[in-house]
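The values are calculated or read from the model by the stated rules, or taken from the named source; none is laboratory data. It should be emphasised that the depicted structure is a prediction, and the values quoted were computed from it without experimental measurement. Positions of Cβ are backbone-derived with ideal geometry, glycine not excepted, and every protein chain shown enters the neighbour counts.
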Amino acid sequence: MRAEGETVRSSRLADWLGVSRPTVTVALRRMLRHNLVLVNTRKEIELTERGETEAATIVRRHRVMERWLTDVLGLDWIEADEEAARLEHSVSEAVEQRLWESLGRPQTCPHGNPIPGHAELRPDERRLAELDEGDAVKVQRISEVAEREAPALLRYLLDREIVPGAPVRVLEVDDVGRTLRLELPGGEVTLSTDTATRVWAVPA
């Protein structure tokens, strides 16, 4: 959520995780006791230094597992994400490191999100929804929020080959209809502005 520029609050966490607010409250209390998070005066949740380290470890393992599941086992984006969530807590650091090396030391997960410790977000990223008519870009990554909240969106983007590395040119921006018409190698695609906010791109 933070990588998407979202403010992290308990109610938003509950929506994102698909659990009740009391469940999030209980978990946050436990994390506070273990010095993993802080809650500021605006009720915003922030990771402590220890929390950052622990979070990076889990995310890194998840994204390495996703790469193995897609690149080696041939699972699609959605299956890989679900299976990686099951495996990430049972794989040792040594196995994770060997897997990463055997995969050719990838920098990102299959959706283009950087693997912590191996890559960072690019400062020149922009959402497709922020582009203007005539802009030519390359898809960089798919929103992690979309990955969690809308697996059907992942399928939609994959079927239309809106994937990391794909070249895109904006043909039309319809501010009234709130759509973007895009040119891709496979043809033209029209996306809603909402969907276009879930895809990040960099200059071609």
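Couple of notes before you dig in:
- Some residue of the stretch 158-168 being farther than 22 Å from Pro114 by Cα and of a type outside the set (D, E, K, R): no
- Leu36 being surrounded by fewer than 16 Cβ atoms within 10 Å (Cβ to Cβ) and in contact with a Leu (Cβ under 8 Å, 6 or more places away or on another chain): no
- Within the stretch 7-30, restricting attention to residues that are loosely packed, with under 12 Cβ neighbours inside 10 Å and assigned to a loop (DSSP other than H, G, I, E, B), the residue that is modelled with the lowest pLDDT is Gly18.
- Taking the conditions (1) in contact (Cβ under 8 Å) with a residue 40 or more places away in the chain; (2) farther than 27 Å from Asp71 by Cβ in turn, Gly177 satisfies each one other than (1).
- Across the stretch 149-169, the qualifying residues are those that are part of a loop (DSSP other than H, G, I, E, B) and in contact with a strand residue (DSSP E or B) (Cβ under 9 Å, 6 or more places away or on another chain), and the one among them that is surrounded by the fewest Cβ atoms within 10 Å (Cβ to Cβ) is Gly165.
- The single residue among Thr197, Thr193 that is of a type in the set (S, T, N, Q), within 27 Å of Thr70 (Cα to Cα) and either surrounded by fewer than 19 Cβ atoms within 10 Å (Cβ to Cβ) or in the same structural domain as Ala136 (by TED's automatic domain parsing) (or both) turns out to be Thr197.
- Pick from the stretch 88-125, criterion over 14 Å from the mean Cα position of the chain (by Cα) and crowded, with 16+ Cβ neighbours inside 10 Å, ranking: nearest to Val176 (Cα to Cα): Pro106
- Here Thr25 does not qualify as polar (S, T, N, Q) and closer than 17 Å to Glu144 by Cβ.
- For Thr53, the conditions (1) over 24 Å from Val199 (Cα atoms); (2) in contact with a helix residue (DSSP H, G or I) (Cβ under 8 Å, 6 or more places away or on another chain); (3) free of Cβ contacts under 8 Å to residues at least 24 places away in the same chain are fulfilled apart from (2).
- Condition broken by His118, with the remaining ones in (1) assigned to a loop (DSSP other than H, G, I, E, B); (2) in contact with a Ser or Thr (Cβ under 8 Å, 6 or more places away or on another chain) satisfied: (2)
- Count of the stretch 170-189 residues which are in a strand (DSSP E or B), loosely packed, with under 14 Cβ neighbours inside 10 Å and either out of contact with any strand residue (DSSP E or B) (no Cβ under 7 Å at 6 or more places or on another chain) or not charged (D, E, K, R) (or both): 2
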